[in-house]
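What follows is one structure encoded as structure tokens, with my remarks underneath.
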């Protein structure tokens, strides 16, 4: 039996198209697929800005940053204190406060002065407004030499604004701040009583002298020129009696 062959003529365009398709599929399968890495822009939603000219624009103004400043500490103001016995208009004061603790007389030994007997530690004050003339804070008196310049022990002399020098000695202490050249007010505390200097063997007392202002170290005048009894009596009662100098 004889078989008859039927010739098939391939369509050229179809064959070429199939070939191109196969080649493209192979090429695509051999290439690595790109990896998409998400970025911040991937998650941002962009809102279109209106193009209208009548749009309202909200502007956020940051609040001012508060600056912390240290609180200034107020400077303390020191108010001058006045002793309770200081009275308005009174210009002279008894040398020891209060005067009721004192005993004295109108007599003294070989020169004008007064020994005012008071308990140890009694308050000694400035008789009048003035300037501190001399101060002794150390008891240099020695009974073996009995130097007259040191007989007062611890003492303070003040030249008052009235031109009179006032001398108080045999003190147990001199108040802090009482120095030569310092201004003091009438009735201001200048020390405490005792029996320093040549008063060591005697009852405690304050030696008080009134004199002309002279020069530093002039103990012979400083110790007293005027009998002070009548002035002590006047000052005890608050009278402003100025001493009369010879």
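FYI, it's all coordinate maths here, none of it is from the lab. The model shown is predicted, which means the values in this text are computed figures rather than measured ones. Note that each Cβ is placed from the backbone with ideal geometry, even for glycine, and that neighbours are counted across all protein chains shown.
Residues in segment 198-230 near a label at residue 103, defined as backbone nitrogen under 11 Å from the 7 Å Cα→Cβ point?
203-204
Mind giving me the nanometre distance, one decimal, between the label points for residue 120 and residue 142, set 7 Å out from Cα along Cα→Cβ?
Distance between the two pseudo-spin positions: 2.4 nm.
Is the shape of segment 120-237 rounded, prolate or oblate, going by the alpha carbon gyration tensor and its root eigenvalues a ≥ b ≥ c, with a/c under 1.5 for rounded and a/b larger than b/c for prolate?
Rounded, because the longest to shortest axis ratio a/c is under 1.5.
Could you work out how much longer the chain between residue 241 and residue 220 gets when fully extended? Use 0.36 nm per residue separation minus the Cα distance between them, nm to one decimal.
My answer for the length gained is 5.1 nm.
For labels at residue 189 and residue 176 in the simple 7 Å Cα→Cβ model, what's the distance in nm?
My value for the distance between the label points is 1.1 nm.
Going by average Cβ neighbours within 10 Å, how do the peptides 216-225, 128-137 rank, with the highest at the top? Walk me through the intermediate numbers first.
On the way: 216-225: 17.2, 128-137: 18.9.
Taking the mean over residues of other Cβ atoms within 10 Å, the ranking is 128-137, 216-225.
Counting every Cα pair in segment 96-158, what percent are over 18 Å apart?
For segment 96-158, the share of Cα pairs beyond 18 Å comes to 53 percent.
Fully extended, how many nm does the chain gain between residue 111 and residue 202 (0.36 nm per residue separation, minus their Cα-Cα distance)?
Fully extending the segment from residue 111 to residue 202 adds 30.9 nm.
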